[in-house]
1. Quick one: count up the residues across the range 85-101 that are assigned to a helix (DSSP H, G or I) and either open to solvent by less than 50 Å² (accessible area, probe 1.4 Å) or touching a helix residue (DSSP H, G or I) at 6+ places or on another chain (Cβ under 9 Å) (or both).
2. In the list Ala546, Ala513, Ala526, Ala508, which residue meets the criterion of being open to solvent by less than 30 Å² (accessible area, probe 1.4 Å) and modelled with pLDDT under 65?
3. Name every residue in the range 240-276 that is closer than 17 Å to Val206 by Cα and in contact with a strand residue (DSSP E or B) (Cβ under 8 Å, 6 or more places away or on another chain), in order of residue number.
4. Can you tell me which residue within the range 18-32, out of those that are in contact with a strand residue (DSSP E or B) (Cβ under 7 Å, 6 or more places away or on another chain) and open to solvent by 10 Å² or more (accessible area, probe 1.4 Å), is farthest from Arg332 (Cα to Cα)?
5. Does at least one position in the range 369-381 carry a residue that is among the basic types (Lys, Arg) and either within 20 Å of Leu66 (Cα to Cα) or more than 23 Å from the chain's Cα centre (by Cα) (or both)?
6. Can you say whether Gly375 is in contact (Cβ under 8 Å) with a residue 40 or more places away in the chain, assigned to a loop (DSSP other than H, G, I, E, B) and in contact with a Leu (Cβ under 7 Å, 6 or more places away or on another chain), as far as the supplied structure shows?
7. Pairs, please: C-beta under 8 Å, at least 6 apart or cross-chain, first residue in contact (Cβ under 8 Å) with a residue 40 or more places away in the chain and among the hydrophobic types (A, V, I, L, M, F, W, C) and in the range 69-98, second open to solvent by 60 Å² or more (accessible area, probe 1.4 Å) and part of a helix (DSSP H, G or I)?
8. Going residue by residue through the range 106-117, is there one that turns out to be part of a loop (DSSP other than H, G, I, E, B), among the β-branched types (Val, Ile, Thr) and modelled with pLDDT under 90?
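The values are calculated or read from the model by the stated rules, or taken from the named source; none is laboratory data. Every value quoted in this text rests on a predicted model; they were computed, and no experiment measured them. Quick reminder, even Gly has a Cβ in these numbers, built from the backbone with ideal geometry, and neighbours come from all protein chains shown. These area figures cover heavy atoms from the full protein model, side chains too; ligands, DNA and RNA do not enter into them. Shrake-Rupley method; radii C 1.70, N 1.55, O 1.52, S 1.80 Å.
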Amino acid sequence: MDDDTPETSGGTSDLALLRRFEPVLRFTEGELFFPMSVAEYVAGCALVAGEGSARVEVAPRGSLTLSELARLGREHPGPGLSLEHVEAPLDRRAFRAWRRRAARPGFRSSSRFAAVGLLARLVDLVLRVTLLLRGRVPGGFAAAAEVSYAAAGGPARPHYYGRVTRDAGYTAVQYWYFYAMNDWRSTFGGVNDHEADWEQVTVYLVPDLPAVPDLPAVPGEPDGPHASEAAPTLRPAWVAFSSHDEVGDDLRRRVDDPDLSWVGEHPVVFSGAGSHSGAYLPGEYLVGAELPLPGWVRRLLGLVRGRRAEESAPSGGSASSGLSIPYIDYKRGDGPTLGEGGDLAWTAVVIDESTPWVVDYAGLWGLDTSDPFGGERAPAGPRYERSGRVRQAWGQPVAWSGLDKVAPTRREATQVMGRARDRLIAEAAGVEERLGATRARLRAAYAAERALGLRADRPGAAVRGLTEEVGALRAEHASVQTLVEGVGTALDAGVRDEPVHQHLRRRALPVGAGELDSGRLLRVWAAASASLLVGAVGVLLLRGDAPIGGLLLVAGVMLVVEAVLRRRLVSLVLGAAVVGLGVVGVWAVIAIVVGNLRAGFGVLLLLTAAYLAVVTAREALRGR
């Protein structure tokens, strides 16, 4: 298998760094696919160009190597090519036999529907139905992929593709993993399936320098007086995992974060079942799957929110719509373990900007379903998005995790602040000089206007303009002076680490067992309620019997059953009472406006009394 050995590219020092910090991956029991050799995968693929009826085979199945893939990528630059590994999905008989096989790993699911409301379940139903209209991975496809993967011996030879870059004071050690299949939907009840999957982990290293004198040492950073005079080595400062819901700052954790586990110098990653996204803590996560909205709708939502939609999916997903429904990402860590102390050891392959198959092939690594929303399409490689653009995680790993604003060490942070204070002091002096000159002009203009007989309370244009200019300079000087004092105070106090989670906008945590295991009856109801509601609406429409009243009745019954099973009936009744009071209140205001003052004010008084009763009841229940 050419181009797939540790000596392929990169220096010995890079390989040593990769080996030193290579992650430990812990999977969920029931996982079917593990990181594999891309050379073995490509050897069983066909390469095609175009899609649908315009699909043309560029290279037949079994003829490809990584070198040949790079050559064909140069001949067909940009997106447009795709690999196809699975020749055909399993038929029904083969699929049933595959499901009944003795070696099939066991898996116990949880009910995500029990953790979310009826509306989210209705939206989920609509999303499932849209798969019938969109390009999607066919049934039996994941099973065929697993058969091919197992036959090739993939589970016994886990690979990662490592890259080392240096930028902004950080050494970014990246580990890219390739999976033959993302079977999140078909095997684990998630939102999508797609052939091929790329995920990654980045460890950010910084120089292991002596601490700044008179400051406490960073964990792992020796004290100044006892520091070695030898050249500094490197130590991990941050770790970032590719993930579904996180972007920017939320991707990374500091080396001393209690959420982050280590085996020696190896960070522990809990891999999602079928999805393969990374987590810092083991458990089950409710993740938001973006609704498949057209591009113009996403752009409109972005404008409403005053921001552009961001591309957040590590495998080249579509831009965020801000509207999502929850799915469970199982990251239990109770299955096989890869890496240090685990069931299997890694095969490390160094890649970089000179690796031909990484740079020259910008196509997809699996079946192109032409899904317009992207969820069921295969991803592009580690360097590219599906669009052909270079991934930020590859091209700018420091910016990808929001580390441009974070100095790599306390020493550098202190030096940066010292230089900033010097610049601010010089800036303040310059503003003060301009202020003095402008103030002198203002005083001269004021004296001139007095001599010309202009009243002080009616200044001329010159005085008014110079007064505004002096005011703006004074405000600028005060602002710069505040920064000077702030930086000076920080330097005097010494650089300190902020609280370990302070940089996070949202700390991803697994849900509690009670949120997903809420009793068998609730699980059954949660799974069936959305389809029951849709079916009931269909029956009412076919019968044509008072559809509005019937719809309200069906919705009311569904809400009551939901509330009873979740033990929230009292809350539902109180909430309905508040809504009813609001409706009657609107009627009362309308009555007052049209002239029926007595009736309107009488109803308002009754509403006030009823509202007080509801509030009292809520407080009494809350205090129980």
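1. Going through the range 85-101 one residue at a time, the tally reaches 4.
2. Details: Ala546 fails: open to solvent by less than 30 Å² (accessible area, probe 1.4 Å); Ala513 fails: open to solvent by less than 30 Å² (accessible area, probe 1.4 Å); Ala508 fails: modelled with pLDDT under 65.
That would be Ala526, the only listed residue that is open to solvent by less than 30 Å² (accessible area, probe 1.4 Å) and modelled with pLDDT under 65.
3. Answer for the range 240-276, where residues must be closer than 17 Å to Val206 by Cα and in contact with a strand residue (DSSP E or B) (Cβ under 8 Å, 6 or more places away or on another chain): Ala240, Arg252, Arg253, Arg254, Val255, Glu265, His266, Pro267.
4. Here is the first cut: in the range 18-32, the ones in contact with a strand residue (DSSP E or B) (Cβ under 7 Å, 6 or more places away or on another chain) are 18-19, 21-28.
Still in the list and also open to solvent by 10 Å² or more (accessible area, probe 1.4 Å): 19, 22, 26.
Working: Arg19: 25, Glu22: 20, Arg26: 8 Å.
Restricting to residues being in contact with a strand residue (DSSP E or B) (Cβ under 7 Å, 6 or more places away or on another chain) and open to solvent by 10 Å² or more (accessible area, probe 1.4 Å), the top hit is Arg19.
5. We begin by selecting, within the range 369-381, every residue among the basic types (Lys, Arg); these are 377.
With either within 20 Å of Leu66 (Cα to Cα) or more than 23 Å from the chain's Cα centre (by Cα) (or both) added as a condition, the list becomes none.
No, the range 369-381 contains no residue that is among the basic types (Lys, Arg) and either within 20 Å of Leu66 (Cα to Cα) or more than 23 Å from the chain's Cα centre (by Cα) (or both).
6. Numbers: in contact (Cβ under 8 Å) with a residue 40 or more places away in the chain: yes; assigned to a loop (DSSP other than H, G, I, E, B): yes; in contact with a Leu (Cβ under 7 Å, 6 or more places away or on another chain): no.
The answer is no for Gly375.
7. Note: pairs meeting the criteria are Leu90/Val147; Trp98/Val147.
8. Step one: list which residues in the range 106-117 are part of a loop (DSSP other than H, G, I, E, B), which gives 106-112, 116-117.
Keeping just the survivors that are among the β-branched types (Val, Ile, Thr) gives 116.
Checking which are modelled with pLDDT under 90 leaves us with 116.
Yes; the residues of the range 106-117 include at least one that is part of a loop (DSSP other than H, G, I, E, B), among the β-branched types (Val, Ile, Thr) and modelled with pLDDT under 90.
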